[in-house]
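The values are calculated or read from the model by the stated rules, or taken from the named source; none is laboratory data. On a predicted model such as this, the values are computed, not experimentally measured, just so you know. Note: ideal-geometry Cβ built from the backbone for every residue, glycine included; neighbour counts use all protein chains shown. All accessible areas refer to the heavy atoms of the entire protein, side chains included, with ligands and DNA or RNA removed. Shrake-Rupley method; radii C 1.70, N 1.55, O 1.52, S 1.80 Å.
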Amino acid sequence: MTGYVLQRLLQALLVCLGISVITFVMLHVAGDPAQLLVPMEASREDVELLRRQLGLDRPLPVRYLIFLGGILTGNFGRSFFSQDPALGLVLDRLPATLELALAGLGLALVVAIPLGSLAALKRGTLWDRGTTALAVGGQAMPAFWLGLMLIIVFSVKLRLLPVSGRDSPAHLVLPAATLASFLLPVLMRLTRSQMIEILGQDYIRTARAKGVGMAALIFRHALRNAWIPIVTVVGLQFGRLLGGTIVTETVFAWPGAANLAVRAIRNLDYPVVQTVVILLAFSIVVVNLLTDLVVARLDPRVRLQ
Amino acid sequence: MQASAGRPMPRVSDRGAARWIRLAWQLRVPICGALLTGVMVVAALGAPYLAPHDPLQQEITARLRPPAWMEGGSPTHLLGTDALGRDLLSRIVYGARVSLTAGVLAVVVSGIIGVGLGLLGGYFGGRADAVVNGAVSIMMAFPFMLLALTAIAVAGPSFRNIVIVLGVTTWPIYTRVVRAETLVIREREFVLAARALGGGAGRIMLRHILPNLASTLLVLGSLEVARMIILESFLSFLGLGVPPPTPSWGGMLGEGRIHMLSKWWIATFPGLAIFLATLGITFVGDGLRDLLDPRLKDSLLGREAAGQG
């Protein structure tokens, strides 16, 4: 196990390094912050002065090392616009994003596991076909449009829920539903196929023959074995969930980190953009690593491969 | 080949029309998909002949008109007009051009990158494979949407840049599939034979391994076109896509959003177009998988058997 942990840890570190290189190249080589910061009528000398102040005149490898050092010491630079430290700006917004992500994930699980299990139990029936159709339709649905339609129906026509913002639990309902739509199809299909496989196994037949009730059969015997792959997929889909927060926060003006990032991208506020990109990417790496380790802990076949 | 045995064989007792109807019923989902996709292709190709109005023509006296069937609507603007008095239906018909071409071209770009890297990693193994694998891991960990948004913002929004950015950020899915398959195929007899006969690595990869991946890639590519259309429309929705006034479905959604609270139709119809287009293409992709992937023959035959019993 220790060897496996070390190997995965090293891999994760290399991936983080690669992420920092790509981010650096994209923002510091492809774009020129100095050009953006100076007013149109600025002279060439002014631009040069600013470039020197920002350290943009140094050779690229040196600039990369400074950039990397900044990441390691938590110094991500200051926002071009508000002049606040970029890290603080992003960290302030993180709780809202986490709240949304957890609500969306929870909702997706609460809907997908029962629906997927039922589809597996009533395989081939109208119910099964209905949930499959829902999964296919969900995958083709542009989530930002779904969000807008939810607003039109539930906020404008029915006046049940608020349009945007984050002032009360009611504000969370529509964004969470929109975010859940990113994971729902995948989780529903997975639960269905897992349950079909498990329900065909000998120990389920034995339990059934012993007269175990349907509810106990599903919850005590079948789901228990289905949740390992479900946890794995949730971990691996964490990036998709974060991608979903970008769409969701934009549509509902949710005051989270992703919303901040989209605004910073529009304004070409590089320090804020790179902070969000790096933090999100690193957290995806960490979650994937943890998922792998948990799975290896639970299932010895993985680490002995 | 194993695939030839996989066709659903019509029963002998079936005759003429009954057989065709049964086949059509079995293939109802891909047929619906093909119809939806066909409508989109026809709209894109024939936009100048099909659209009732010039999509850019602004009619100041007819701003924010509701659809024809609502009060205040008129048959001249079937789906109503936007804030500048432009005909929504005409803009949706023209918008098919942007979505379809961006989707297909982005898949071509990402497919070339992804398949190329997958072949290299899978065929050569060792260090080349480690590099390819590392690149895939890095790309998979990136918050893809932020990467694409940032790249567009830096490069400037334009049709060409969208295709390039979508292509460059979505290739890992092909690499993973191609690499895994290549690892298996390179050990097969016909590849070993080609190598023994002195075939070069490039020739073996392109002439012997790639054709074996064609059906898998066709299915994957068609499903990816649907995903690219959604991504392109989201970029346009944020104003980071095809610049106005070119009509694009995502851009129309973004403009319609401002008036969403009172004029629901401006944001609803372009989104419906995106949904139907991606649904149609997904159905076609699923249908292709059912036809080309031999694993499915079992379930198709299984359904036949159940029907007989």
Compute the signed sum of charges (Lys and Arg +1, Asp and Glu -1) over the other residues within less than 13 Å, Cβ to Cβ, of A:Ala108.
+2
Considering the dipole of the range B:36-303 built from charges on the beta carbon (Lys and Arg +1, Asp and Glu -1) around the Cα centre, which of B:Ser236, B:Leu217, B:Gly118 is farthest to its positive end?
B:Gly118
When the accessible area of the range B:36-303 is split by element with a 1.4 Å probe, what percent falls to carbon and sulfur?
66
Using a 1.4 Å probe and counting only protein heavy atoms, arrange B:Tyr123, B:Tyr49 so the residue with the most accessible area comes first.
B:Tyr49, B:Tyr123
Work from the charge dipole of the protein assembly as shown (Cβ charges, +1 for Lys and Arg, -1 for Asp and Glu, about the Cα centre) and give the residue of A:Asn267, A:Ile152, B:Val29 farthest towards its positive end.
B:Val29
Okay, which of the range B:245-260 sit inside 15 Å, backbone N to the point 7 Å along the Cα-Cβ direction of B:Arg63?
B:256, B:258-260
Over chain A, what is the relative contact order in whole percent, taking alpha-carbon pairs under 8 Å and six or more residues apart?
26
Skip the ligands, DNA and RNA, and give the accessible area per residue of chain A with a 1.4 Å probe, whole Å².
50
Probe 1.4 Å - accessible area at A:Cys16, Å² to nearest ten:
30
When the charge dipole of the protein assembly as shown is computed with +1 on Lys and Arg Cβ and -1 on Asp and Glu Cβ about the Cα centre, the Cα farthest towards its positive end, among B:Tyr174, A:Leu56, B:Ala18, belongs to B:Ala18
Suppose every Lys and Arg Cβ carries +1 and every Asp and Glu Cβ carries -1, with no other charges. What dipole size does the protein assembly as shown come out with about its Cα centre, to the nearest 20 debye?
1900
Estimated vicinal HN-Hα couplings, Hz - the range B:259-267 in sequence order (Karplus 6.51, -1.76, 1.60; Gly, Pro = x):
9, 4, 5, 10, 10, 5, 5, 5, 8
A:Ser283 accessible area, 1.4 Å probe, all protein chains in place, Å² to nearest 10
40
Candidates per GluC sites (Glu not before Pro) in the range B:145-213, loop by DSSP, up to 12 other Cβ within 10 Å
B:Glu187
Would you mind checking the tilt of helix B:16-26 against the longest principal axis of the Cα atoms of chain B, expressed as 0 to 90 degrees and rounded to 10?
80
If I ignore ligands, DNA and RNA and count only protein heavy atoms, how much of B:Val42 is accessible to a 1.4 Å probe, in Å² to the nearest 10?
90
Helix B:210-237 vs. chain B, principal-axis angle (Cα, 0 to 90°, nearest 10)
20
May I ask you to rank A:Val156, B:Val41, A:Val247 by accessible area, largest first, using a 1.4 Å probe over the protein chains only?
B:Val41, A:Val156, A:Val247
Sorting B:Phe190, A:Phe238, A:Phe76 on solvent-accessible surface, 1.4 Å probe, most exposed first, gives B:Phe190, A:Phe238, A:Phe76
Whole-number percent relative contact order across the range B:36-303, with pairs defined as alpha carbons under 8 Å at least 6 apart
21
Rounded to the nearest 500, what is the 222 nm mean residue ellipticity of chain B from helices alone, with -39500 (n - 2.57) per DSSP H run of 4+ residues and division by all residues?
-23000 deg cm²/dmol
Suppose every K and R has +1 on its Cβ and every D and E has -1 on its Cβ; what is the size of the dipole of the range B:36-303 about the Cα centre, in Debye to the nearest 20?
520
Round to the nearest 0.05 the FRET efficiency obtained for A:Ser193 and A:Leu56 when R0 = 51 Å and r is the Cβ-Cβ distance.
0.45
Net charge contributed by nearby residues that have their C-beta within less than 14 Å of A:Leu94 (K/R +1, D/E -1)
-1
For A:144-157, what's the mean count of beta carbons from other chains sitting within 10 Å of each residue's beta carbon?
5
So what does log10 I(q)/I(0) come out to for the range B:36-303 at q = 0.08, 0.14, 0.17 Å⁻¹, using the Debye formula with one equal point on every Cα and no solvent?
-0.42, -0.98, -1.23
P(r) tail fraction, chain A - alpha-carbon pairs more than 26 Å apart, %
59
Accessible area per residue in Å² at 1.4 Å probe, computed on the range B:63-213:
43
How much net charge surrounds B:Lys263 when only other residues with a Cβ under 14 Å from its Cβ are counted (Lys, Arg +1; Asp, Glu -1)?
+2
Chain pair B, A: total accessible area buried, heavy atoms, 1.4 Å probe, Å²
3400
Averaged over residues of B:230-243, the number of beta carbons from other chains lying within 10 Å of each residue's Cβ is 3
Cβ neighbours within 10 Å from other chains - mean over B:270-280:
4
